[in-house]
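One structure is given here, and the rest of the page talks about it.
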Amino acid sequence: MNIFQAIVTAIVEGLTEFIPVSSTGHMIITNKLMGVPDNEFTKMFTVAIQLGAILAVVVLYHKKFFDFKNIRFYLKLLVGVIPAMVLGFLLGDKIDAMLESTQTVAWALLGGGIVLLFIDSVFKNPTVDSEKNVSFVQSFIIGCWQCLALIPGMSRSASSIIGGMQQKLTRNAAAEFSFFLAVPTMLAATGYKLLKHYKEAGGFTTEEIKLLSIGNVLAFVVAMLAIKFFIGFLSKHGFRIWGIYRIVVGIALLILLKTGYLAA
């Protein structure tokens, strides 16, 4: 991976981490289109730069994250992150194998897109309009929904937002809780990947540190803009447009696979 490829990948990450289209799936496809080598560093990079994106959440919602008197907020996130941490640890090798599969991403984008077409009409009459009214049980159930994102292309954001709406959260409340839940989830995933690479490779080269630094800074800046855009857009238009987008991209990928332009 060179600097240009790292920059493009980081921009894609920042744009897609918090909208329901799958940042991992988009980074996998972007890297394949750019001819980025499918090696252990590339896999680690696509996870590690999500740290920059989630820091954008911490900055934008700093009053929430640094309100140390509100212990319930931290406990809810802890409860919500447990399912993904457990499954991620148990299925780590299988998840890494799926990161190589363009076909998995294509079908996940397509299937998730169909779901998003109808989510606004399926989950009606929400009763929870703020994180303060989310219970610990609801946090855990939303965390279970988030586990769907272990499949590349499903989207962590989409999975947890759907889980939130299924638990009677409003669209905006579900989106914001998804943002909050991303912080411990991606901190754990990033820490695990960095530690694993450090142990297996015997450390990080100067070039790797440079690429990771550039990637995280860019992902942070772009994610700041994307979050603000998404919340405003969601309030007015809902999820249908994202469903259409996912279906179009999913079908396009299947066509590229069928014609041999992309490897499965």
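Just so you know, in the range 18-73 the residues that are in a loop (DSSP other than H, G, I, E, B) and under 19 Å from the mean Cα position of the chain (by Cα) include one that is surrounded by the fewest Cβ atoms within 10 Å (Cβ to Cβ), and it is Y61.
Condition check: among the polar types (S, T, N, Q) and touching a residue at least 40 places away in the same chain (Cβ under 8 Å). Does S101 satisfy that?
Judged against the criteria, S101 is a match.
A173: modelled with pLDDT of 85 or more, touching an Asp or Glu at 6+ places or on another chain (Cβ under 6 Å) and assigned to a helix (DSSP H, G or I), yes or no? So A173 passes the test. Looking only at the range 174-217, filter to residues that are farther than 17 Å from F89 by Cα, surrounded by 16 or more Cβ atoms within 10 Å (Cβ to Cβ) and polar (S, T, N, Q); which one of those is farthest from the chain's Cα centre (by Cα)? Across the range 174-217, the extreme among qualifying residues is N216.
Applying the set (1) closer than 19 Å to V47 by Cα; (2) in contact with a Gly (Cβ under 7 Å, 6 or more places away or on another chain) to S213 leaves exactly one unmet item: (2).
In the range 112-131, the residue that is surrounded by the most Cβ atoms within 10 Å (Cβ to Cβ) out of those that are within 23 Å of P83 (Cβ to Cβ) and in contact (Cβ under 8 Å) with a residue 60 or more places away in the chain is G112.
Checked against (1) hydrophobic (A, V, I, L, M, F, W, C); (2) over 26 Å from K69 (Cβ atoms); (3) surrounded by fewer than 24 Cβ atoms within 10 Å (Cβ to Cβ), I161 meets all criteria but (3).
The requirement of being within 30 Å of V137 (Cα to Cα) and surrounded by fewer than 17 Cβ atoms within 10 Å (Cβ to Cβ) is not satisfied by K76.
The values are calculated or read from the model by the stated rules, or taken from the named source; none is laboratory data. For clarity, every value in this text was computed on a predicted model and none was experimentally measured. When we count neighbours, we look across all protein chains shown, and the Cβ atoms used for this are built from the backbone with ideal geometry, even at glycine.
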